[in-house]
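Take a look at the structure below.
The values are calculated or read from the model by the stated rules, or taken from the named source; none is laboratory data. Keep in mind the model is a prediction, meaning the values are calculated, not measured. In this analysis, Cβ positions are derived from the backbone assuming ideal geometry, glycine residues included, and neighbour counts consider all displayed protein chains.
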Amino acid sequence: MIKLLDRDTGAQIAELSDEDLAQLIAALEEESSEDQDYYIDTATLAFLAESGVRRDLLKQIGAALGDREGIEVVWQRDG
């Protein structure tokens, strides 16, 4: 299982499939090949929607974003 977490709070935002993760990695900028965190704001959410990220995942990220300007998210694989 792959978890998408709010980097600031550690709260789980969503569970990702391998396909979900591949879409995020392809769409979002990584600073290195080992990078596992991303900054997401409303413009990024719109870009992810255009990139074909599943609607349910976008809703979960949007809910975590709430009224904040942006959110740092990080993904991690369990065990």
Taking GLU72 and the conditions (1) surrounded by 12 or more Cβ atoms within 10 Å (Cβ to Cβ); (2) assigned to a helix (DSSP H, G or I); (3) of a type in the set (Asp, Glu), which numbered condition does it fall short on, given that it satisfies the others? (2)
Just the residues that are touching a residue at least 60 places away in the same chain (Cβ under 8 Å) and of a type in the set (A, V, I, L, M, F, W, C), please, taken from the range 65-79. ILE71, VAL73, VAL74, TRP75
Which listed residue, of ILE61, ILE40, is among the β-branched types (Val, Ile, Thr), in contact (Cβ under 8 Å) with a residue 24 or more places away in the chain, surrounded by 12 or more Cβ atoms within 10 Å (Cβ to Cβ) and outside any helix (DSSP H, G or I): ILE40
Here the residues within the range 59-79 that are within 16 Å of TYR39 (Cβ to Cβ) and hydrophobic (A, V, I, L, M, F, W, C) are ILE61, ALA64, LEU65, ILE71, VAL73, VAL74, TRP75
Among the residues in the range 49-56, are any among the acidic types (Asp, Glu), surrounded by fewer than 16 Cβ atoms within 10 Å (Cβ to Cβ) and assigned to a loop (DSSP other than H, G, I, E, B)? no
Just to be sure I understand, how many residues within the range 11-28 are at pLDDT 95 or above, part of a loop (DSSP other than H, G, I, E, B) and under 18 Å from TYR39 (Cβ atoms)? 1
